[in-house]
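Here is the structure we will look at, set down as structure tokens.
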Amino acid sequence: MNLKHLAIGVVCSLGSIPVVGLLLQQLAEAAPNDIFFGWDFYIEVVVTGLLQGVMYALVALGFVLIFKASAIFNFAQGAMVLFAALAMVGFIEMGLHWTLAFLLAAVVMIIVAILIERVVLRPMVNQEPIILFMATIGIFFVLDGLGQTIWGSNVKALDIGISQTPWFVLQGEFFPGGLRLIPTEVVAAVVGALTVTLLAVLFQYTKVGRALRAVADDHQAALSVGIPLKFIWAIVWSVAGIVGLVAGVMWGTSLGVQFSLSLIALKALPVLILGGFTSIPGAIVGGLIVGVGEQVGEVFIGPLFGGAIQDWFAYMLAMIFLLFRPQGLFGERIIERV
Amino acid sequence: MFYREAGQFKTSYAADQAIYPIRQDKIGILILFGFSLLAIPFIAPIYWLNSILIPFLIFSLAALGLNILTGYCGQLSLGTGGFMACGAFFSYKLATAMPDTNILIVFLLAGLGTALVGVLFGLPSLRIKGFYLAVATLAAQFFLIWMFNKFSWWTNHSPSGVISAPPRAVFGDIDVTSASASPEAKYVFLLLLVSFLALIAKNMVRSRIGRSWMAIRDMDIAAEIIGIRPMLAKLSAFAVSSFFIGVSGALWAFTYSGSVEALAFEINRSFEVLFMIIIGGLGAIMGSFLGAAFIVLLPIALDTIPLLLGLPLSVETVAHLRLIIFGALIIFFLIVEPHGLARLWQIGKEKLRLWPFPY
């Protein structure tokens with residue numbers, strides 16, 4: 001991980017917040033009927049966006065892990081999030097405490113990962129990336145159907161003891177009513193930060209982590225120095241499954257566990273292209289940018305188009321961005337040889 | 001035994017480059033076409049026409065379009081649904097604005113409009129490749145559906161957001177569009193149109209432009225070095241592909257469903273068409289048809305089998321089991337034959353040439 005790039009990225013993103021604010025202020029003055037702009041309101045929207053962004057980043061993280069280690073674009077990540085959350089709710093409904101249910105759900109995800117590696121990936125070694133991508137869409141369908149067959153398709157509440165009433169902090173001159181925060185999102189941000197730190201430590205300091213980095217760097221070379229590729233793949237898919245579980249818990253507590261959770265994968269894709277498919281810090285920074293961009297876009301620019309632009313705004317943002325930097329913010333430089 | 005090409009000599013380049021160089025193939029396809037055109041409308045039950053053959057033909061056309069872009073030019077696209085919606089809404093606006101114009105011209109114009117949109121969203125392909133491009137095409141998908149949903153101008157301010165195709169005839173007074181047209185007329189119209197467009201596509205991929213697409217697919221830098229202009233090749237692939245997909249979207253709205261809303265062309269539609277070309281075979285015109293047949297028939301088969309076996313399953317369980325079986329079958333197919341049904345077809349033909357005396 002290149003810390004210098006990360007620092008530049010963070011500084012640039014933070015620096016752009018007041019600049020965008022100024023631009024929006026001008027815009028609001030030009031079209032006062034459509035847009036309301038106030039600095040305290042703007043900051044509140046940005047903070048909401050940042051917290052939302054962490055949630056996106058959590059989903060995107062699972063994609064990045066698998067893409068780094070096996071160059072597979074895992075479309076099933078969203079289904080894994082849903083499946084993990086459903087499993088956890090299932091265990092809670094059996095009367096277990098949520099911590100125990102979490103551990104059991106993690107075990108379930110490890111079993112799923114091993115199964116995927118054995119049944120799907122192993123026979124398809126050396127296939128083209130697009131074929132593997134299609135196979136993960138197949139996994140998406142299987143997991144979706146399986147999860148709903150076992151645990152039903154109703155919306156389920158997932159309660160891990162976080163209150164849903166918003167907090168109002170920093171009451172004072174600048175924020176007359178206080179800054180509104182939703183506890184779930186704050187917890188998600190903390191958990192997200194913890195997860196990333198944990199992953200960074202795992203990748204940097206353990207033997208398995210070193211093997212993972214070697215595989216990500218070069219499959220062939222890793223094989224030739226005796227790293228068991230299949231084992232590593234099973235590990236990566238398990239880790240991605242557990243990250244999915246964390247994301248599922250966070251999304252589940254705020255939205256309820258339901259089928260639409262498997263579609264948040266689609267929300268994580270612009271995050272991926274912004275941050276680069278191969279970079280963990282990229283997933284975080286990309287998530288934050290998309291979260292903020294989406295919120296700010298929806299609240300301040302949306303009214304100009306008649307609203308509900310959330311569906312595509314992040315994609316457009318990412319696409320325009322790609323025109324200038326095709327490999328994403330932190331992606332590996334694309335070097336092509338003939 | 002029945003499939004020998006011994007003794008069929010070619011004496012001209014034209015004969016050598018025929019689409020079906022083997023006489024048996026040529027006769028076989030003519031018989032198939034004649035049978036589909038002359039016999040099926042009279043013997044097939046209405047249910048078959050309406051819910052199997054008509055969607056099959058429309059999906060074949062969409063798969064053909066996506067196959068040109070993804071299978072021949074190597075640009076992965078997930079925006080098929082959006083482009084189908086373009087075709088549907090463009091043709092609706094044109095057909096209601098110009099009621100006297102022949103519906104064929106309306107479809108043609110709608111296709112050209114979609115081609116323009118396709119080129120616009122294809123522009124990023126000049127800079128980005130692979131999965132980055134796939135995600136970028138999702139922008140087209142979400143943006144277009146949002147646009148058709150949001151602005152009621154597209155639906156002539158219909159309060160429900162649904163467009164109902166007006167009845168139109170190609171010649172005489174036999175309607176071929178809208179829900180009131182007879183299924184037989186719709187089927188024959190679709191069969192002729194889709195066959196004609198497939199013939200064009202087949203010839204396109206055999207000619208200079210198709211070869212430049214394939215060169216770009218196989219390695220774009222090498223293609224650039226031997227003198228193929230990537231911009232021209234990629235954007236033309238986007239244009240041609242979007243044209244086909246647009247026409248198929250227009251046909252979907254006008255002949256298959258009769259009335260349609262933007263949500264009918266959501267992201268799942270894109271995946272469905274992508275499945276068709278992967279299962280049918282990337283880079284094979286035949287594959288688009290085989291894949292479309294497979295994907296159209298599979299859900300029907302999955303729905304009827306539990307009924308036939310008399311299994312007491314609830315509707316919900318069947319729907320979930322369907323998802324599982326669908327996913328598992330796709331994985332199975334990709335493991336067994338990643339090059340699709342078209343390759344199986346080819347292998348079958350090779351085997352038949354030697355049968356019953358393989359050496």
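Tell me the helices (runs of 4 or more DSSP H) entirely within the range B:194-295 that contain at least 2 residues that are touching a residue at least 24 places away in the same chain (Cβ under 8 Å) and out of contact with any Gly (no Cβ under 8 Å at 6 or more places or on another chain).
The helices (runs of 4 or more DSSP H) meeting that bar are B:208-218, B:230-251, B:267-280.
Check A:299, A:249 and return the single one that is surrounded by 23 or more Cβ atoms within 10 Å (Cβ to Cβ), away from chain B (no Cβ under 11 Å) and in a helix (DSSP H, G or I).
Numbers: A:299 fails: surrounded by 23 or more Cβ atoms within 10 Å (Cβ to Cβ).
The match here is A:249.
List pairs: first in the range A:98-118 and touching a residue at least 24 places away in the same chain (Cβ under 8 Å), second of a type in the set (D, E, K, R) and assigned to a helix (DSSP H, G or I), Cβ under 7 Å, 6+ apart or cross-chain?
Filtered contacts from the range A:98-118: A:117/A:230.
Suppose the filter is within 14 Å of chain A (Cβ to nearest Cβ), without any contact (Cβ under 8 Å) to a residue 12 or more places away in the chain and over 20 Å from residue A:75 (Cα atoms); does residue B:313 pass it?
Against the criterion (within 14 Å of chain A (Cβ to nearest Cβ), without any contact (Cβ under 8 Å) to a residue 12 or more places away in the chain and over 20 Å from residue A:75 (Cα atoms)), residue B:313 qualifies.
Taking the residues in the range A:136-193 that are modelled with pLDDT under 85 and within 14 Å of chain B (Cβ to nearest Cβ) as candidates, determine which candidate is surrounded by the most Cβ atoms within 10 Å (Cβ to Cβ).
A:153
Looking only at helices (runs of 4 or more DSSP H) that lie completely in the range A:1-120, which have at least 1 residues being at pLDDT below 85 and under 23 Å from the mean Cα position of the chain (by Cα)?
Details: elements: A:3-30, A:39-70, A:77-93, A:98-115.
Helices (runs of 4 or more DSSP H) meeting the threshold: A:3-30, A:39-70.
Tell me which residues, restricted to the range B:93-102, are hydrophobic (A, V, I, L, M, F, W, C), surrounded by fewer than 23 Cβ atoms within 10 Å (Cβ to Cβ) and assigned to a helix (DSSP H, G or I).
B:94, B:97
Take the conditions of a type outside the set (Gly, Ala, Ser), within 30 Å of residue B:172 (Cβ to Cβ), more than 8 Å from every other protein chain (Cβ to nearest Cβ) and touching a residue at least 60 places away in the same chain (Cβ under 8 Å) and apply them to residue B:107. Does it pass?
Working: of a type outside the set (Gly, Ala, Ser): yes; within 30 Å of residue B:172 (Cβ to Cβ): yes; more than 8 Å from every other protein chain (Cβ to nearest Cβ): yes; touching a residue at least 60 places away in the same chain (Cβ under 8 Å): yes.
So residue B:107 fits the description; yes.
Looking only at residues that are in a helix (DSSP H, G or I) and at the interface with chain B (Cβ under 8 Å from one of its Cβ atoms) in the range A:121-135, which one is farthest from residue B:133 (Cα to Cα)?
A:123
Restricting attention to the range B:196-210, report how many residues are among the basic types (Lys, Arg) and under 15 Å from residue B:244 (Cα atoms).
Qualifying residue count, the range B:196-210: 1.
So, of the residues in the range A:121-135 that are crowded, with 18+ Cβ neighbours inside 10 Å and in contact (Cβ under 8 Å) with a residue 24 or more places away in the chain, which turns out to be farthest from the chain's Cα centre (by Cα)?
A:121
The values are calculated or read from the model by the stated rules, or taken from the named source; none is laboratory data. Keep in mind the model is a prediction, meaning the values are calculated, not measured. Counting neighbours? That spans all protein chains shown, and the Cβs are built from the backbone with ideal geometry, glycine included.
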